[in-house]
1. Please determine, by comparing only the residues of the range A:160-186 that are out of contact with any helix residue (DSSP H, G or I) (no Cβ under 6 Å at 6 or more places or on another chain), away from chain B (no Cβ under 14 Å) and modelled with pLDDT of 95 or more, which one is surrounded by the fewest Cβ atoms within 10 Å (Cβ to Cβ).
2. Restricting attention to the range B:100-133, which residues are under 15 Å from residue B:181 (Cα atoms), away from chain A (no Cβ under 12 Å) and part of a loop (DSSP other than H, G, I, E, B)?
3. Which of the following residues is in contact with a helix residue (DSSP H, G or I) (Cβ under 9 Å, 6 or more places away or on another chain), modelled with pLDDT of 95 or more and surrounded by fewer than 18 Cβ atoms within 10 Å (Cβ to Cβ): B:85, B:12, B:79, B:94?
4. Just to be sure, is residue A:471 surrounded by 13 or more Cβ atoms within 10 Å (Cβ to Cβ), touching a helix residue (DSSP H, G or I) at 6+ places or on another chain (Cβ under 8 Å) and modelled with pLDDT under 85?
5. Of all residues in the range B:49-76 being surrounded by fewer than 13 Cβ atoms within 10 Å (Cβ to Cβ) and assigned to a loop (DSSP other than H, G, I, E, B), which is farthest from the other protein chains (Cβ to nearest Cβ)?
6. If you take the residues in the range A:65-85 that are surrounded by 21 or more Cβ atoms within 10 Å (Cβ to Cβ) and under 26 Å from residue A:316 (Cα atoms), which one is farthest from the other protein chains (Cβ to nearest Cβ)?
7. Report whether or not residue A:127 is over 26 Å from residue A:223 (Cβ atoms), in contact (Cβ under 8 Å) with a residue 60 or more places away in the chain, within 14 Å of chain B (Cβ to nearest Cβ) and surrounded by fewer than 22 Cβ atoms within 10 Å (Cβ to Cβ).
8. Scan the range A:91-110 for residues that are facing another protein chain (nearest Cβ under 10 Å) and touching a strand residue (DSSP E or B) at 6+ places or on another chain (Cβ under 9 Å) and report the count.
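The values are calculated or read from the model by the stated rules, or taken from the named source; none is laboratory data. Bear in mind the structure is a predicted one, so any value in this text is a computation, not a measurement. Positions of Cβ are generated from backbone atoms using ideal geometry, with glycine treated the same way; all protein chains shown enter the neighbour counts.
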């Protein structure tokens, strides 16, 4: 994940690049697609099923280790008799998975179903050991809820959640390691999944991109799932159809197994284009089918028709009693949930007068927002008990630190907030040194990167002193330098008085050059003005 | 020693040193193999000699030091659908013919913990689907009450009933002191009735199903087959234990009485049974006779026995009242839809992928496995679907396939509402019938019914499948309602076959059921049943 670019991509609409034939248009605050060939306007309808692995130590119905999609584990090394469906073994519900689903349900403002139960969904496949998946069809654990999206152009869009169901993940089939055999790895089999099913409330691929990021972020924030798409901890199935405005919805096509938010957005664009082209051609017919997405060609392709699908023969799992959740338990989890991202964002904007953009960046990762707030007031007696300047902190955090994270491909902010790199102690010490004029902001950045690189874990002050980087605030030294500079450049002085402002920058630059950037710009400013005025 | 000494008597002899564990166990094997190896085909596999010798030695050592294990050295047979570590567990099916579990079912684990010696795994109908123990992959169990050829008369072989036929026949033949069975729709009680032993199915959930290979999860109930009620109580006391780590349907044995303040207090079935024996008598019980069980197919001897039991109870001052269970007649079709629906799902794990039998290309589709040296060439897989189809076609027997197909149909999208949902509704109505009788005005303690409409039938007797299903008509309702029920052998029919009655009580009143069973079996008219030796063993 890319901290800095994430929002930008959505804002710049890189995610839903328009194609030659179809263009995104907004009419009366609503999203439509416009076919350039015919000039027709189309409405896109998308619904999404997100599968997110629960962040729990053990699997949904067995006590074998949930290693998620971590690499490096031997195939079939985290498999119990329950996961492999040996004769006579029975599922026992892992209460931690239930807790994660409740947390998620509360976070999206859904209703926790006090009485839910598990159903079996039958199909034969080598990586489905039981011959059925345990899932929740009739009475899922969470009903309702919604997610509010903020689109690139500032519009809000609300997406309603239909329900969240708890279910088992399947194993993995590997078809390319043996010439004649398919191999099966059951390490993933039985891991808890929360299937978060939206209503068909999306009318543009941008909304879908926003939604996935928002949901991903929310799950991480409350800790119910690690939700990394590239690791398969979060996966999406998309239902998509197009129709002319004010007509009935079109036939929907399902897109399966997309592995990144970007792929999902492009696949929706591509599929919408295909459907519109079909409908505008002589065929005029979309068939119900399941399609995949080829990243390289950027096109969707046929997987199977809906008629080919087996009858799943759902029925309540007789090995599992109904899941009854008490009001007390729901309230307890509610209390432990803490501040949700949207609430946090609102508070940050209000409390610190942040822009929407900055606040959005901060809440991408709860640990960043926390670090930000800590930096304002940590160890204030070093700073005459005055809260630190929010703007300055944000500059460091959202520009310098984010760009360092990106260029070093680090996705976990928490991993750098340690003694050797960027502890809150060191960061605030650095801020205070700048504030006191001990170093310039520019030198501060240099020191910051030195700290982040972690090669030298001494305190910022020691780092500065050992490299002789403290700022020159010696008035007499600077006085001499400025006076000499002005004397040496009579031509530029005349230009300055003729009103050429950029000459001023030249003088400033020369001083900085001579002092290797260590001079206090405020003092230099005053001195320059003084000597230039003398030459008037 | 009496042919049918009970567990506490055997234990006493072992403690006193009058009997050695080795002699006890070896005598059983002598009996089992008398006439021919595994004479009645009651067992599918036996514990191997080395392990057996070790267990015998260890048990004897414990006796020499003074053992505190409650079933130490007691030979027990376990139905072959209970997983047993290192001991083949086939479920009577070709699809598991060489499957050796790596773990013990909870039932087996609890028995071993109390020192019991599991001598072997008993024969059964494949996946417990049947009422005769003739449908399995390992041949038919012979009822010990079958008639040997005497004076040139043709021998008459009878079925042991099923599906726990091996367990029932083994106990009746005294091949083991007691055995474990499972009861989904009568699979303990019906063979117990055919073979003349006590068959006890406790309340659903009291004995853990962990390791019991599922037929129909919501109905499957582990239980015990013994020669007397004391042994049943002894075994139940060992086996009734909540197993929340392995089985979500496992329950604590607590009070069912909602007016009782100590509702959640854990109870001890043996203690309560013994207290009832000491302080209660027949006059403390209210018996109910459900007239809905009086069906036209009922055998005359059994009808007469039913009447005799009522008369004997009344003679002793017991209260007997007629009751009505109006939905009984819907129970049979509902059962066959629910059980097969669950079975079609539970049996889908037998796919040849991870364990058990897998069809290999080149194999003869008639069953015998191939491998005649022609497998030198690299086998290109036959494809997943083909492998599934051939594995399951070859691996399952006819009855199992029939039930999988029936269950698959019942759960399919187009018939679910008409079949599965309706059957569930009937299940609730059947349960409510019982509730009305046990908890309504009449406050019945024990229902008395026949166990099966007839005594054991002859092997190879051609029977209409529907007629075979009707065999379960008396036993099915208590499975649907999860009630404890037991079959007690009381007499021989005119044709010299054991006949029994079934007793049913309210949920979690298993102690009361034991008490009633013990009381009736000890009526003068019936108490000599156990002294008779089955014909085929003579």
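1. Across the range A:160-186, the extreme among qualifying residues is A:160.
2. Correct list: B:123, B:124, B:125, B:129, B:130, B:131, B:132, B:133.
3. Numbers: B:12 fails: in contact with a helix residue (DSSP H, G or I) (Cβ under 9 Å, 6 or more places away or on another chain); B:79 fails: surrounded by fewer than 18 Cβ atoms within 10 Å (Cβ to Cβ); B:94 fails: surrounded by fewer than 18 Cβ atoms within 10 Å (Cβ to Cβ).
So the residue among B:85, B:12, B:79, B:94 that is in contact with a helix residue (DSSP H, G or I) (Cβ under 9 Å, 6 or more places away or on another chain), modelled with pLDDT of 95 or more and surrounded by fewer than 18 Cβ atoms within 10 Å (Cβ to Cβ) is B:85.
4. Numbers: surrounded by 13 or more Cβ atoms within 10 Å (Cβ to Cβ): yes; touching a helix residue (DSSP H, G or I) at 6+ places or on another chain (Cβ under 8 Å): yes; modelled with pLDDT under 85: yes.
For residue A:471, the condition - surrounded by 13 or more Cβ atoms within 10 Å (Cβ to Cβ), touching a helix residue (DSSP H, G or I) at 6+ places or on another chain (Cβ under 8 Å) and modelled with pLDDT under 85 - is met.
5. Narrowing the range B:49-76 to residues surrounded by fewer than 13 Cβ atoms within 10 Å (Cβ to Cβ): B:49-50, B:54, B:57, B:61, B:64-66, B:68.
Those still in the list that are assigned to a loop (DSSP other than H, G, I, E, B) too: B:66, B:68.
Numbers: B:66: 35, B:68: 30 Å.
The qualifying residue farthest from the other protein chains (Cβ to nearest Cβ) is B:66.
6. A:66
7. yes
8. Our first condition is that a residue be facing another protein chain (nearest Cβ under 10 Å); within the range A:91-110, this holds for A:91-93.
This time we only want the ones that are touching a strand residue (DSSP E or B) at 6+ places or on another chain (Cβ under 9 Å), so: A:91, A:93.
Of the residues in the range A:91-110, 2 are facing another protein chain (nearest Cβ under 10 Å) and touching a strand residue (DSSP E or B) at 6+ places or on another chain (Cβ under 9 Å).
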